[in-house]
Each structure stands twice: as structure tokens, then as C-alpha cells.
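The values are calculated or read from the model by the stated rules, or taken from the named source; none is laboratory data. In this text, all values refer to a predicted model and were calculated from it rather than measured experimentally. No Cβ is skipped: glycine too gets one built from the backbone with ideal geometry, and neighbour counts run over all protein chains shown.
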Amino acid sequence: MPRIEHLREVPPAPPVSYYWQARLAAGWMPVAVVWERQVEGEPEPSGELDEDVPYGLQVAADGSRLVEHPAEKQALLLMMSLIVEDAPLARVAVELNGQGLRTRQGTPWGPDSVFDMLPRLIQVGPRVFSSEEWAARRQQLRYRMSANDLRSL
């Protein structure tokens, strides 16, 4: 199944015919046009929320709700596991990058970007801790932690 690409750009003002022809020739199809003008007075509330989709979620294909983003969910679970093990944020970043996971902007993780995720981890914690996937990870954590305790003896 082919994937769909989107392109958002500010066209020359006003867009001239060769602009549209060049885009159509390159295979692009216009799917929306946004018009803008300046008016006097107070701005009207748009009724739309202007906030980012929380990390770990994405807008569903039908645009009506949020659903889990598989790669971001995996990153959150790995962060949570390592933080529960009391790993430094630098190690968390190394593990994320080692598994090929990237930030939403596509950049490698660093201690600062992991730190920025802590409020989101607190937010999703109750749901993560009650999931079956976390129950399996908890067993692995217990085993690793008890093995580390035995090594320290």
C-alpha cells in the first residue's frame, strides 16, 4: 500500500498559475486551501485547541480520537523501565538510541530530551503500571534486580 506524503508550504502571494502547474506536475494534489486576511477588532475564538499531541499518542486515521503511537509507546516503556532501575538519564538516552528510537523530531535522545519527558512519564504512569505489558517487564526487572543483589554479596 503506498504511503501518503504531505507538504505544507507558503506559496508565492498570490499563487500564480505556474505554481499550481509545477505542483500538479510533481504529483501533488491540493487537499485544502487556507485563506487568511487581516481584520480590525479582537480575534474570534476558533474553537480549536492549539496544543501538541502528547508523546506516545497520535491522531487516529479518522481524525476523531487519539490512539497509541507504537514506537513512542515503546520509548516510554523503556524510559520507565530504566528510570525504575534508577538508571541515569544519560544511560536512558543511550539505550533509546541503541534501539533505534528517536525523538518526535527525529533526533537522537540526549539526557535533556529524556528529562523533558519526565512530566509525560508521570502522566502515563498509572496506565502503564496497570498494563499487562508492564507486568511482564516488572518480572524481568525483579529478576535483574535480584541478580544484581546476589552479585554484590
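Points to keep in mind about this one:
- If you go through the range 104-128 and keep only what is closer than 11 Å to Leu76 by Cα, surrounded by 12 or more Cβ atoms within 10 Å (Cβ to Cβ) and either under 13 Å from the mean Cα position of the chain (by Cα) or free of Cβ contacts under 8 Å to residues at least 60 places away in the same chain (or both), you end up with Val114, Met117, Leu118, Arg120, Leu121, Gly125, Val128.
- Flag for Ser113 being closer than 26 Å to Arg137 by Cα and of a type in the set (Ser, Thr, Tyr): yes
- Wholly within the range 80-153, helices (runs of 4 or more DSSP H) carrying at least 2 residues that are modelled with pLDDT of 90 or more and within 23 Å of Gln58 (Cβ to Cβ): 89-98, 111-116, 118-129
- Among the residues of the range 54-93, those identified as surrounded by 16 or more Cβ atoms within 10 Å (Cβ to Cβ) and in contact (Cβ under 8 Å) with a residue 60 or more places away in the chain are Tyr55, Gly56, Leu77, Ser81.
- Residue ID - modelled with the highest pLDDT, chosen from residues in the range 1-49 that are in a loop (DSSP other than H, G, I, E, B) and surrounded by 10 or more Cβ atoms within 10 Å (Cβ to Cβ): Trp28
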